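Written out below as structure tokens is the structure these notes cover.
Every number here is computed from the coordinates shown, using simple stated rules; none is lab data. Worth saying up front: this structure is predicted, and the values here are computed from it rather than measured. FYI the Cβ positions are ideal-geometry reconstructions off the backbone, even for glycines, and counts take in every protein chain you see.
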Amino acid sequence: MSHLDHPTTETFDANARAALTDMQLRGALRNATSLFGKRRLEASQSLDNWEELRSQARAIKDETLLHLDRYLEEFTANAERAGAQVHWARDAAEANGIVCGLARERSAHLVVKSKSMATEEIHLNAALEAEGIVAIETDLGEYIVQLAGETPSHIIAPAIHKTKGQIAALFTDKLGIAPTEDVAMLTSTARRVLRAKFAAADIGVSGVNFGVAETGTILILENEGNIRLTTSLPKTHIAVMGIEKVVPRFADLEVFLKLLPRSGTGQHLTAYQSLITGTKRHADDEGPDELHLILLDNGRSRMLGHAITRQSLACIRCGACLNACPVYQQIGGHAYGSVYPGPIGAVITPQLFGMAKAAQLPYASSLCGACREVCPVKIDIPELLLHLRAEITEGAEQSRQEAGGSRQGEAAIKRRRLERIAFKLWAAVMIRPWLYERSGRLFRVLQRFVVRGGKIGKVEGLLARVAPPLAAWTTARDLRPIERRTFREQWRDKPVD
Amino acid sequence: MTTVLNRQSEIGNRQSTMRVGLFVTCIVDQMWSAIGTSTVEVLRRAGCTVEFDERQTCCGQPAFNTGYRSEARRVAERFIELCEDSKAEAIVSPSGSCTAMVHHYIALFPDDEQWRRRARSVAARTFELSWFLVRVLKIDDVGARFSGRVTWHDACHGLRDLNVHSEPRRLIRRVREAEFVEVENADACCGFGGTFSVKYPEISAAILDQKIEAIERSRVDAVVAGDASCLMQIGGRLSRIGSKVQVMHLAELLAAT
């Protein structure tokens, strides 16, 4: 991952600039996001009630989130009745503590994992590693990313940033196979290596797509069969589930099963859907002896308080907004410095992990609305971004304390202070038409320094330091100068027919 | 929403002369006045009487989109007041983005029912130009002539906030001697995004370059859009790379004879 070794949310701007110079990354992103986007569109058009389904899904989520406490209790009671053990984790440390504790008690050495954003979010692999327990990712994309020592760059396609050639080189290097770009050969190599891990693993760790309150069932979707193996071969299955994953009724799954695969991969249905209700009933049934469900809060309940932020919890992690986002399409997931990249990442990262570190992310959007258009649960992401931007500007002093005086933090605060002054001035001008007109005339005089041949070209040097936005604009684009005669001046001369 | 639609059909049924207040936008006023004069020309040709309140400045969008709500509110209140002063039946703007901002005004007054009501009633009679011509006046031919191959760029807020999609295309198809072609991903963002374009200029330019590539591939003479800001973004890059493709606002195209 070269220059993006440890991207953090604080350095989003630098991460993004670095990503833009990586032409392999941009080629891979362009191919993958446009393919996913095309497939999603076709799959959504295969149903004639797509819009209705979106509204239904959102209504189910809204209802659940309004009574989340009740549905979680119902889910817990029913899951326990079916033989599962339910654990509640306030934050990442608690969740990791529970998993590590369970692993220690069982003297586990090897854990197989299926793809799970919740375990990425809490950095479970690192926690297990610190206990001397090996955790192996078994989803092909996650496995590739793990082999490369990287993090996923997409919610459903963890290795979207990699080309076939890069993966081939990685397999040759790490797994010792002869160089090949034959996809079948590469996947069968992964399968061979991973099968041995499944057989030897003490514990299987998975995520959860949906938890059904009325039955205590969890549903996990996948295409590779690795989740089936993760959740059935080892004696112990641990599932980590964000508290927002619960739905009230079993019948609700029908709506989400139509929306999620179509939005995520453009499939009508994933190859596997695992519905797991508690542990096995009879000794000779297949499946693990014990099932532990970890309900993870980690900042989620904070979002419940406000109607605008609450909708963040309706997300079903399909990744459609990433593929549709013009920003994500250019820079990919790593630049966001968060396990949740793209538009939905830009709204949930600051809410989950704190605004002070992630204050750049809500601004990393042109507010084009493509994310809202594709979201299967109709999350108004632009509205959320605007809400968070307002929170950032209003809470400048508070975030200063949170930032703890880091250099980046200080620079950001200084920039924001200047910006606030600029907007106060701007408002003072805009509510006074005469001042607006005078200001326009002033700029018209000042621009003589930079207008050449009817346009403003690249602004550099001292002028760039005086007017950073002008320099930023003109790096790649020319700028139209202010008109010699504004519209209102022309109107005054000749107002009527 | 129903009130907006009712209002529109109510106005639409009155085919006679209509009093229209022009909401020219600050960008057009200061930086692209031809869009303003063209809008006046087109509206007059469509049988409207055009009024322009010189007290108008900006709709408040830059502050709203950057997170400065109280500053946006101050500016929005002035805009609402002067719209209320206007006797015009409709307020028309050559900008999807600024029109959409007026439609978003209620978000600025979460706890003030009085202002929300006022904002809603101003929004109900504020229209984007192409929507106004096609949906309200039921006109898709304004007698324009332009010889050349043209395409339409869907500006995001017009497209996704106001649902403007078929209206400009219908208008362009009726322009004499103009050949209309769809450009690949016409509905993809140009990368402008207001302050985004100067906060993250490199990302903005990377997004823009994809748009430029698609435009260049389509071999058009002109890119037409409904927002001066997108046109400044696209046009600024075309100018920098020395392209022969010109950018035009829909109003300019429709005013051409």
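Ranked by Cβ crowding within 10 angstrom, fewest neighbours first, how are B:SER204, B:SER121 ordered?
Working: B:SER204 28, B:SER121 15.
Lowest to highest Cβ neighbour count: B:SER121, B:SER204.
For every other residue with a beta carbon closer than 9 angstrom to the beta carbon of A:ILE156, add +1 if it is Lys or Arg and -1 if Asp or Glu, then tell me the sum. Could you put the intermediate results ahead of the total?
On the way: positive: A:LYS115, A:ARG317; negative: none.
Charge balance in the 9 Å sphere: +2.
Residue by residue through segment A:199-210, what is 3J(HN,Hα) from phi via Karplus (6.51 cos²θ - 1.76 cosθ + 1.60, θ = phi - 60°)? Round to whole Hz and write x for glycine and proline.
Karplus-based 3J(HN,Hα) across segment A:199-210 equals 5, 8, 5, 8, 9, x, 10, 10, x, 9, 8, 9 Hz.
Give me a comma-separated list of calculated 3J(HN,Hα) values for segment A:363-374, in order, Karplus coefficients 6.51, -1.76, 1.60 applied at θ = phi - 60°, integers in Hz, x for any Gly or Pro.
My calculation for segment A:363-374 gives 8, 7, 7, 8, 6, 6, x, 4, 5, 5, 5, 9 Hz in order.
Give a residue-ordered list of calculated ³J(HN,Hα) values for segment B:22-36 (Karplus: 6.51 cos²θ - 1.76 cosθ + 1.60, θ = phi - 60°; whole Hz; x for Gly, Pro).
Taking θ as phi minus 60°, the curve returns 7, 9, 7, 6, 5, 5, 5, 4, 7, 10, 8, 4, 4, 5, x Hz for segment B:22-36.
Averaged over A:11-23, how many beta carbons belonging to a partner chain fall within 10 Å of each residue's beta carbon?
Going residue by residue through A:11-23 and averaging, the value is 2.
Evaluate the relative contact order of segment A:1-131 (contact order divided by residue number), counting alpha-carbon pairs under 8 angstrom at least 6 apart; express in whole percent.
Relative contact order, segment A:1-131: 12 percent.
Could you tell me the center-to-center distance, by alpha carbons, between segment A:421-472 and segment A:7-30 in angstrom?
One Cα centre to the other: 31 Å.
I'd like the orientation of helix A:381-394 relative to chain A: the angle between its Cα long axis and the longest Cα principal axis, in ° from 0 to 90, rounded to 10.
For A:381-394 against chain A, the angle is about 70 degrees.
Only helical DSSP H runs with n ≥ 4 go in: add -39500 (n - 2.57) per run for chain B, normalise by residue count and round the 222 nm mean residue ellipticity to 500 deg cm²/dmol.
-14000 deg cm²/dmol
Can you spot the aspartates and glutamates whose alpha carbon is less than 17 Å from B:LYS211's alpha carbon? Ignore those fewer than 8 places along the same chain.
Within reach: A:ASP478, B:ASP154, B:GLU182, B:GLU184, B:ASP187, B:GLU202, B:ASP221, B:ASP227.
Using the Kirkwood radius over C-alpha pairs as Rh, can you work out the diffusion coefficient of chain B via Stokes-Einstein at 20 °C, viscosity 1.002 mPa s, in µm² per second?
Result for D is 116 µm²/s.
Using Cβ contacts closer than 10 Å as the measure, can you line up A:MET430, B:MET248 from fewest to most? Don't skip to the end; give the middle numbers.
Details: A:MET430 27, B:MET248 23.
With the sparsest Cβ surroundings first, the list reads B:MET248, A:MET430.
For helix A:407-430, what angle does its Cα long axis make with the longest principal axis of chain A, in degrees from 0 to 90 and rounded to 10?
50 degrees
Give me the dipole magnitude in Debye, nearest 20, for the protein assembly as shown about the Cα centre, with unit charges on the beta carbon: positive for Lys and Arg, negative for Asp and Glu.
Result for the protein assembly as shown is approximately 2580 debye, rounded to the nearest 20.
Using only atoms on other chains, find how many Cβ atoms lie within 10 Å of each Cβ of peptide B:69-77 and report the average.
5
What's the local net charge at A:ALA79, with K and R +1, D and E -1, over the other residues with C-beta under 14 Å away? Let's see the in-between values first.
Values: positive: A:ARG81, A:LYS245; negative: A:GLU73, A:GLU74, A:GLU80, A:GLU214, A:GLU290.
Neighbour charge sum, excluding A:ALA79 itself: -3.
According to a simple spin-label model (label point 7 Å from Cα along Cα-to-Cβ), what is the distance in nm between A:GLU80 and A:ARG191?
Here the modelled spin labels are 4.2 nm apart.
Which one of A:ILE316, B:ALA119, A:HIS109 has its Cα pushed farthest toward the positive end of the charge dipole of the protein assembly as shown, where Lys and Arg give +1 and Asp and Glu give -1 at the Cβ?
B:ALA119
Give the relative contact order (percent, whole number) for chain B; include only Cα pairs under 8 Å separated by 6+ residues.
Working: 446 pairs, mean separation 52.0, N = 257.
Value for chain B: 20 percent.
Place a +1 charge on the Cβ of each Lys and Arg in segment B:191-253 and a -1 charge on the Cβ of each Asp and Glu, then give the dipole magnitude about the Cα centre in debye, rounded to the nearest 20.
Magnitude of the dipole: close to 100 debye.
When ranked by the protection proxy of mean other Cβ atoms within 10 Å per residue, highest first, what sequence do the peptides A:435-447, B:69-81 form?
B:69-81, A:435-447
GluC sites (Glu not before Pro), restricted to segment A:140-186: which are DSSP loop and have at most 16 other Cβ atoms within 10 Å?
Values: sites: A:GLU142, A:GLU150, A:GLU181; in loops: A:GLU150, A:GLU181.
In loop regions of segment A:140-186 (DSSP not H, G, I, E or B), the sparsely surrounded GluC sites (Glu not before Pro) are A:GLU181.
With the dipole of the protein assembly as shown worked out from charges on the C-beta (+1 for Lys and Arg, -1 for Asp and Glu) around the Cα centre, which of B:ILE91, B:LEU253, A:GLY27 lies farthest toward the positive end?
Highest projection toward the positive end goes to B:LEU253.
Could you please report the charge total around B:ALA256, scoring K, R as +1 and D, E as -1 over all other residues with beta-carbon less than 11 angstrom from its beta-carbon?
-1
How many Cβ atoms of partner chains, on average, are near each residue of B:179-191 if near means within 10 Å of its Cβ?
Averaged over the peptide's residues, the number is 2.
Answer with one residue from A:PHE171, A:TRP88, A:ALA127: the one whose Cα lies farthest towards the positive end of the charge dipole of segment A:47-198, charges on Cβ with Lys, Arg +1 and Asp, Glu -1.
Projecting each Cα onto the dipole axis, the largest value belongs to A:PHE171.
Would you list, by chain and number, the lysines whose Cα falls below 26 Å from the Cα of A:LYS424, excluding same-chain residues fewer than 8 positions away?
A:LYS424 reaches A:LYS357, A:LYS414, B:LYS199.
Per the helix-only calculation at 222 nm, which mean residue ellipticity applies to chain A, given -39500 (n - 2.57) for every DSSP H run of n ≥ 4 and division by its residues, nearest 500 deg cm²/dmol?
Per the formula, -16000 deg cm²/dmol.
Fewest Cβ neighbours within 10 Å first, please rank A:THR309, A:THR151 accordingly.
A:THR309, A:THR151
Angle check, please: helix A:342-353 long axis (alpha carbons) against the longest principal axis of chain A (alpha carbons), in degrees 0 to 90, nearest 10.
80 degrees
Hey, which lysines would be in cross-link range of A:LYS174, C-alpha to C-alpha under 21 Å, not counting anything within fewer than 8 residues on its own chain?
A:LYS113, A:LYS115, A:LYS162, A:LYS164, A:LYS197
Only bridges with both residues in the protein assembly as shown count here: give the DSSP antiparallel percent, nearest 5. Mind dumping the intermediate values first?
Numbers: 11 of 58 bridges.
Rounded to the nearest five, the antiparallel share is 20 percent.
Would you mind checking which residues have amide H under 5 Å from B:GLN246's amide H? H placed 1.01 Å from N; only 5 or more apart, or other chain.
Long-range HN contacts for B:GLN246: B:ALA222, B:VAL223.
Under a point-charge model restricted to the Cβ atoms of Lys and Arg (+1) and Asp and Glu (-1), what is the dipole moment magnitude of chain B relative to its Cα centre, in debye to the nearest 20?
Here the size comes out at about 360 debye.
Evaluate the relative contact order of segment B:61-191 (contact order divided by residue number), counting alpha-carbon pairs under 8 angstrom at least 6 apart; express in whole percent. All intermediate terms of the calculation are to be shown ahead of the outcome.
Values: 163 pairs, mean separation 29.7, N = 131.
Reported relative contact order: 23 percent.
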